[in-house]
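Before any comments, here is the structure.
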(Lines give C-alpha, C1' and ligand atoms only; values in the text may rest on other atoms or scores of the structure.)
Protein backbone atom coordinates (compact mmCIF):
# COMPACT_ATOMS: atom_id res chain seq x y z
CA UNK A 1 0.00 0.00 0.00
CA UNK A 2 2.84 2.38 0.80
CA UNK A 3 4.31 1.77 -2.67
CA UNK A 4 1.04 2.90 -4.34
CA UNK A 5 1.18 6.17 -2.39
CA UNK A 6 4.82 6.64 -3.46
CA UNK A 7 3.90 6.06 -7.11
CA UNK A 8 1.10 8.63 -6.82
CA UNK A 9 3.62 11.12 -5.49
CA UNK A 10 5.90 10.30 -8.38
CA UNK A 11 3.02 10.79 -10.81
CA UNK A 12 2.15 14.13 -9.21
CA UNK A 13 5.72 15.27 -9.82
CA UNK A 14 5.56 14.05 -13.44
CA UNK A 15 2.26 15.91 -13.79
CA UNK A 16 3.96 19.15 -12.71
CA UNK A 17 6.64 18.56 -15.36
CA UNK A 18 3.84 18.06 -17.90
CA UNK A 19 2.18 21.31 -16.77
CA UNK A 20 5.48 23.12 -17.23
CA UNK A 21 5.78 21.66 -20.73
CA UNK A 22 2.22 22.70 -21.62
CA UNK A 23 2.99 26.20 -20.36
CA UNK A 24 6.24 26.49 -22.34
CA UNK A 25 4.34 25.33 -25.45
CA UNK A 26 1.86 28.17 -24.89
CA UNK A 27 4.76 30.57 -24.29
CA UNK A 28 6.32 29.60 -27.61
CA UNK A 29 2.99 30.11 -29.37
CA UNK A 30 2.60 33.54 -27.75
CA UNK A 31 6.15 34.53 -28.73
CA UNK A 32 5.57 33.42 -32.32
CA UNK A 33 2.43 35.57 -32.43
CA UNK A 34 4.17 38.54 -30.73
CA UNK A 35 1.65 38.37 -27.90
CA UNK A 36 4.05 39.83 -25.33
CA UNK A 37 1.57 40.35 -22.48
CA UNK A 38 0.41 36.75 -22.79
CA UNK A 39 4.02 35.60 -22.85
CA UNK A 40 4.74 37.52 -19.65
CA UNK A 41 1.69 36.02 -17.91
CA UNK A 42 2.65 32.51 -19.02
CA UNK A 43 6.23 33.05 -17.85
CA UNK A 44 4.86 33.89 -14.39
CA UNK A 45 2.80 30.68 -14.45
CA UNK A 46 5.86 28.69 -15.49
CA UNK A 47 7.91 30.24 -12.69
CA UNK A 48 5.20 29.31 -10.17
CA UNK A 49 5.05 25.72 -11.45
CA UNK A 50 8.84 25.50 -11.24
CA UNK A 51 8.73 26.81 -7.67
CA UNK A 52 6.09 24.21 -6.85
CA UNK A 53 8.26 21.51 -8.40
CA UNK A 54 11.36 22.55 -6.46
CA UNK A 55 9.40 22.66 -3.20
CA UNK A 56 7.80 19.26 -3.71
CA UNK A 57 10.32 17.19 -5.61
CA UNK A 58 12.42 15.20 -3.26
CA UNK A 59 15.06 12.62 -3.80
CA UNK A 60 12.91 10.43 -5.98
CA UNK A 61 13.85 7.11 -7.36
CA UNK A 62 11.59 7.04 -10.36
CA UNK A 63 11.06 3.80 -12.14
CA UNK A 64 12.71 3.55 -15.54
CA UNK A 65 9.58 4.50 -17.48
CA UNK A 66 8.89 7.63 -15.42
CA UNK A 67 12.57 8.63 -15.50
CA UNK A 68 12.54 8.42 -19.32
CA UNK A 69 9.31 10.44 -19.40
CA UNK A 70 10.80 13.09 -17.10
CA UNK A 71 13.95 13.37 -19.25
CA UNK A 72 11.88 13.63 -22.44
CA UNK A 73 9.76 16.41 -20.93
CA UNK A 74 12.85 18.30 -19.76
CA UNK A 75 14.35 18.10 -23.26
CA UNK A 76 11.10 19.40 -24.76
CA UNK A 77 10.97 22.29 -22.26
CA UNK A 78 14.58 23.19 -23.08
CA UNK A 79 13.78 23.09 -26.80
CA UNK A 80 10.79 25.40 -26.28
CA UNK A 81 12.98 27.72 -24.21
CA UNK A 82 15.63 27.87 -26.94
CA UNK A 83 13.02 28.70 -29.58
CA UNK A 84 11.45 31.36 -27.34
CA UNK A 85 14.88 32.95 -26.84
CA UNK A 86 15.47 33.04 -30.60
CA UNK A 87 12.31 35.10 -30.90
CA UNK A 88 12.60 37.29 -27.81
CA UNK A 89 16.31 38.12 -27.66
CA UNK A 90 16.31 40.24 -30.87
CA UNK A 91 13.15 41.96 -29.59
CA UNK A 92 14.79 42.65 -26.22
CA UNK A 93 17.89 44.05 -27.95
CA UNK A 94 15.72 46.36 -30.05
CA UNK A 95 13.84 47.56 -26.97
CA UNK A 96 17.13 48.17 -25.16
CA UNK A 97 18.38 50.17 -28.14
CA UNK A 98 15.18 52.23 -28.16
CA UNK A 99 15.51 52.94 -24.43
CA UNK A 100 19.16 53.94 -24.83
CA UNK A 101 18.29 56.24 -27.74
CA UNK A 102 15.50 57.88 -25.75
CA UNK A 103 17.77 58.34 -22.75
CA UNK A 104 20.45 59.89 -24.97
CA UNK A 105 17.89 62.26 -26.53
CA UNK A 106 16.55 63.28 -23.12
CA UNK A 107 20.06 63.93 -21.79
CA UNK A 108 20.91 65.94 -24.89
CA UNK A 109 17.75 68.03 -24.56
CA UNK A 110 18.45 68.68 -20.89
CA UNK A 111 22.04 69.69 -21.67
CA UNK A 112 20.91 72.33 -24.17
CA UNK A 113 17.95 73.76 -22.29
CA UNK A 114 18.06 77.51 -21.64
CA UNK A 115 19.49 78.31 -18.24
CA UNK A 116 21.67 75.20 -18.11
CA UNK A 117 24.79 76.04 -16.12
CA UNK A 118 27.05 74.28 -18.62
CA UNK A 119 26.27 76.61 -21.52
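The values are calculated or read from the model by the stated rules, or taken from the named source; none is laboratory data. As the structure is a computational prediction, the values presented were derived from the model and not from experiment. Methodologically, a virtual Cβ is constructed for each residue, glycine included, from the backbone with ideal geometry; neighbour enumeration extends over all protein chains shown.
Yes or no: the range 83-96 includes at least one residue that is assigned to a helix (DSSP H, G or I), farther than 29 Å from residue 27 by Cα and modelled with pLDDT of 75 or more. No: the range 83-96 contains no residue that is assigned to a helix (DSSP H, G or I), farther than 29 Å from residue 27 by Cα and modelled with pLDDT of 75 or more.
Does residue 102 meet the test of being under 30 Å from residue 42 (Cβ atoms), at pLDDT 75 or above and out of contact with any strand residue (DSSP E or B) (no Cβ under 6 Å at 6 or more places or on another chain)? Judged against the criteria, residue 102 is not a match. Against the list (1) in contact with a helix residue (DSSP H, G or I) (Cβ under 9 Å, 6 or more places away or on another chain); (2) within 24 Å of residue 15 (Cβ to Cβ), the condition residue 75 fails is (1).
Checked against the criterion of being loosely packed, with under 13 Cβ neighbours inside 10 Å, at pLDDT 95 or above and either touching a strand residue (DSSP E or B) at 6+ places or on another chain (Cβ under 8 Å) or part of a helix (DSSP H, G or I) (or both), the candidates 44, 26 yield just one match: 44.
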